[in-house]
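First the structure, in the form of structure tokens, and then the observations on it.
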Protein chains: 2
Amino acid sequence: MNCEVAFQGEHYAFSELAAQKFFPNDVICHPTPSFEEVFRNVNDQKIPFGIIPIENTIHGSIHRNFDLLLEHDVVIVGEVNLRIELHLITLPGVQMEQIQTIYSHPAALEQCRNFLSRYPHIEAVSSYDTAGSVKLISEKKIPTIAAIASQWAAEDYGMNILQREIEDYPENYTRFFIISTDYFSFGNPDKTSIVFSTKNIPGALFKSLSVFFLRDINLTKIESRPIKGTPWEYLFYLDFFGNMEEEKCRNAIRHLEEIAEFIKILGSYPSANNFATKSH
Amino acid sequence: MNCEVAFQGEHYAFSELAAQKFFPNDVICHPTPSFEEVFRNVNDQKIPFGIIPIENTIHGSIHRNFDLLLEHDVVIVGEVNLRIELHLITLPGVQMEQIQTIYSHPAALEQCRNFLSRYPHIEAVSSYDTAGSVKLISEKKIPTIAAIASQWAAEDYGMNILQREIEDYPENYTRFFIISTDYFSFGNPDKTSIVFSTKNIPGALFKSLSVFFLRDINLTKIESRPIKGTPWEYLFYLDFFGNMEEEKCRNAIRHLEEIAEFIKILGSYPSANNFATKSH
């Protein structure tokens, strides 16, 4: 079967690498200019799957994608973690002394903060994509501009890696969600993501977490986002181990309904158990 | 007394407006190019106070400032909430049809997403500051560029407000912290901010929140941030009503020490009680 996946960015972006890791056989990846369009393509069933970065272990959560998960009729059907190795990429033959500007995605620039601080005369410029920055330099053939991106992007655009692994922390991973309009099994769905808002009662967040603790359900992540139009109130995004077919998870959500004003189940999916995950 | 305050951005930025609201008399505001330098100026006691945006009711938290609070020897001594009204600002006499580009801070552009979507031919370009974008247009006298910024910035640079209040949600507030190196009383300190990480035990976050719930201490905000270099582990930032002089708060923190691997008290300060705050 050929899987088709929409991702944000140009070919050889980290999202496309993550899609290749998740769908090892015959995946067709569609470069898409924005996260909004990835969601729209999936929501409107133009492309069956989308892949979106959701958090990075240095930069933190990609909050826009939390908001978009809430706003669209999509479900999470998988997750994948990808080690992010960032390289300084130039036209072949360019030396460090020639570089005046470095282009990359703001998250990649932030992950190389220490590296960049060693070259205060070089201007760091935000672009919409890591691989897109490499493409730009390769097309315009500008020797004074470097990009920060993956090895794959460097190789495929015929560019040179001037400095390898320039990220501040080697333990740099990005977690991606695979989204679709319908539940689709990629294995045992042992993890679930939900979003909810609480009633205006004292200890509402504590009581919300108790519905999981009382049933020995381990949380792996909590994220809060403002409720737009209602100042100082928040939506909470939770990930926990378990799936919505299990009785204890259904009971926990029924209990949560007593405390929550709103709940949306974002999906049960097989966890990316490549890396140990701490319980909260 | 003349208070001196460092803020990120150019004169007439929202941070300077917030400083004027917090220190009504004789405040001297120092424009500073980055949040890092605001913290450094305060940390190194070059300027006694700093003001930093910490969350916006549409855009969400300003995560970089959470990280910087952890990394510097500063305490939070006050908070202030400011209504954010965003206007489309041009050189005098410019009409909507002439505009090809709109400059503003990425958070301001995001808060005007619906407005911008009505003009798909106009390019939205991120700049480091709202007021700085107005300054740029006024200095370079470019009629095809507009900025999104405050009325104050428009007036002081002699510019025209072409469209008023173009933000998607009128309930648009930014919350700021006032930071210093030492505790400084601006009133009754009824609110406290802390940051902690938990031990690797099941239900650690639930148990951490229980130390407040069990003592009737109301939480107003939780924010999680990755621990850099330790994938999939998080720091939790909590705000609660109470101050560290109160016995129940000291008991709660002593109890939290049993569950937490690390705790830092960021400060007790008078809450900006201009707006109703929901309990969690």
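Structure above, values below:
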{"read-out": "The stretch A:123-135 - residue that is open to solvent by 20 Å² or more (accessible area, probe 1.4 Å) and out of contact with any Asp or Glu (no Cβ under 7 Å at 6 or more places or on another chain) and, of those, nearest to A:E16 (Cα to Cα)", "value": "A:Y128"}
{"read-out": "Which listed residue, of A:F177, A:F240, A:F186, is more than 21 Å from A:A18 (Cβ to Cβ), touching a residue at least 40 places away in the same chain (Cβ under 8 Å) and not in a helix (DSSP H, G or I)", "value": "A:F240"}
{"read-out": "Residues within the stretch A:40-57 that are in a helix (DSSP H, G or I) and either among the small types (G, A, S) or within 14 Å of chain B (Cβ to nearest Cβ) (or both), tallied", "value": "1"}
{"read-out": "Filtered residue count, the stretch A:185-217, keeping only those that are open to solvent by 60 Å² or more (accessible area, probe 1.4 Å) and modelled with pLDDT under 95", "value": "6"}
{"read-out": "Residue count, the stretch B:218-231 (criterion: within 7 Å of chain A (Cβ to nearest Cβ) and either part of a strand (DSSP E or B) or open to solvent by less than 20 Å² (accessible area, probe 1.4 Å) (or both))", "value": "6"}
{"read-out": "Filter result for the condition that a residue is away from chain B (no Cβ under 13 Å) and at pLDDT below 95, over A:G78, A:G60, A:G132", "value": "A:G132"}
{"read-out": "Test: residue in the stretch B:34-45 that is out of contact with any Pro (no Cβ under 8 Å at 6 or more places or on another chain), β-branched (V, I, T) and closer than 20 Å to B:R83 by Cβ", "value": "no"}
{"read-out": "Subset tally (residues that are in a loop (DSSP other than H, G, I, E, B), over 19 Å from B:I51 (Cβ atoms) and of a type in the set (S, T, N, Q)) for the stretch B:159-174", "value": "0"}
{"read-out": "Filtered residues of the stretch B:113-158 (kept if closer than 14 Å to B:L91 by Cα, outside any helix (DSSP H, G or I) and among the polar types (S, T, N, Q))", "value": "B:T144"}
{"read-out": "Identity of the residue in the stretch B:137-165, on the phi > 0 side of the Ramachandran plot and in contact (Cβ under 8 Å) with a residue 60 or more places away in the chain, that ends up most open to solvent (accessible area, probe 1.4 Å)", "value": "B:E165"}
{"read-out": "Filtered residues of the stretch B:243-265 (kept if in a strand (DSSP E or B) and buried (at least 19 other Cβ atoms within 10 Å of the Cβ))", "value": "B:A260"}
{"read-out": "Residue in the stretch B:92-106 that is within 14 Å of chain A (Cβ to nearest Cβ), within 28 Å of A:E123 (Cα to Cα) and surrounded by fewer than 16 Cβ atoms within 10 Å (Cβ to Cβ) present", "value": "yes"}
{"read-out": "Matching residues in the stretch B:192-217 - criterion: being outside any loop (DSSP other than H, G, I, E, B) and hydrophobic (A, V, I, L, M, F, W, C)", "value": "B:I194, B:V195, B:F196, B:A204, B:L205, B:F206, B:L209, B:V211, B:F212, B:F213"}
{"read-out": "From A:S15, A:S34, residue being in contact with a strand residue (DSSP E or B) (Cβ under 9 Å, 6 or more places away or on another chain), surrounded by fewer than 22 Cβ atoms within 10 Å (Cβ to Cβ) and under 27 Å from B:D67 (Cβ atoms)", "value": "A:S34"}
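The values are calculated or read from the model by the stated rules, or taken from the named source; none is laboratory data. Quick caveat, the model's predicted, so the values are computed rather than measured. Cβ coordinates were reconstructed from backbone atoms using ideal geometry, including for glycine residues, and neighbour counts include every protein chain displayed. Calculation scope for accessible area: heavy atoms of the full protein, side chains included, ligands and nucleic acids excluded. Shrake-Rupley method; radii C 1.70, N 1.55, O 1.52, S 1.80 Å.
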